[in-house]
Amino acid sequence: MRGAAVTPQAAYALGKDWYATRLDFDWERPGAAQVEAAFARHGLTGPFWALPTEVG
Amino acid sequence: MTHTERTVRHAIYAAFLAQGLAPSTATLATQLSLPLADVIDAMRGLAAQHCLTVQPGTDEVWMAHPFSAIETRCVVRRGERQWFANCAWDAFAILALVGDGRFETRSPATGESLTFEARDGRIHGDGLVHFLVPARDFWKDIAFT
């Protein structure tokens, strides 16, 4: 299978983490290191989840 | 991000959360007492910074992740309210934002109807979220992602 598969529970937990501040007025788009750290907190590591440049 | 961009972005997310719908630029201008041209500038700035996506050929909201302004096959429901998500991951993220509710979709592989329920911090339902595009390429074609 191409890509990566994530359980619904992990997707929910990642969503809770990733979007925790999205509705705040002062929200800032996270940098690559912050995004990678969020992925890693939910077990999403390896080349598929690596970020050489910033993403949102 | 400028102050006007923050104001517009915040109003869009508040509307999505409360109503499941994105306000038009005209509605935003009225609601925020801003000139329409300033709202449009803000929309273009936010899109350029990948803070949201506009519908092709317009300055109207398409995606303010995890929400979609247009109907999709990923629907989140909580009571009488509903939201459209851009993808399955976004649907679970909407559940994380709005509280306990249901995510209804169809399997991209089989067309089978699928329902997941968020209850007390747990997701109930069988299936997997498939990411086809690696993280480094999410924004190369965000609609495809």
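Brief remarks follow.
- With the simple spin-label model, which puts each label point 7 Å out from Cα in the Cβ direction, the residue B:110 to residue A:41 separation comes to 3.5 nm.
- Extreme residue, positive dipole direction of the stretch B:16-145, given options B:115, B:55, B:42 (C-beta unit charges): B:115
- Computed over the stretch B:1-135, the range of Cα coordinates on each principal axis works out to 48, 32, 21 Å, biggest value leading.
- Over all Cα atoms in the stretch B:48-94, the spread is summed up by Rg and Dmax: 11.1, 35 Å.
- Of every Cα-Cα pair in the protein assembly as shown, the percent that sits beyond 28 Å: 25
- A Förster radius of 35 Å, combined with the Cβ-Cβ distance separating residue B:36 from residue B:71, puts the computed FRET efficiency at roughly 0.85.
- Here the accessible area of the stretch A:8-49 is 57 percent carbon and sulfur, with a 1.4 angstrom probe and all protein chains present.
- Residues residue B:117 and residue B:10, FRET efficiency given R0 of 30 Å [Cβ-Cβ distance, rounded to 0.05]: 0.50
- Pairwise alpha-carbon distances in the stretch B:3-64 exceed 18 Å for 21% of all pairs.
- Within the accessible surface of the stretch B:70-145, defined with a 1.4 Å probe on protein heavy atoms only, the carbon and sulfur portion equals 46 percent.
- With Cα atoms as the point set, the radius of gyration and Dmax of the stretch B:70-145 evaluate to 12.6, 37 Å.
- Pairwise Cα distances in the stretch A:8-49 exceed 16 Å in 38 percent of cases.
The values are calculated or read from the model by the stated rules, or taken from the named source; none is laboratory data. Remember, predicted model here, so these are calculated numbers, not experimental data. Ideal geometry is used to build each Cβ from the backbone, glycine not excepted, and the neighbour counts take in all protein chains shown. For accessibility, only protein heavy atoms count, side chains too; no ligands or nucleic acids. Shrake-Rupley method; radii C 1.70, N 1.55, O 1.52, S 1.80 Å.
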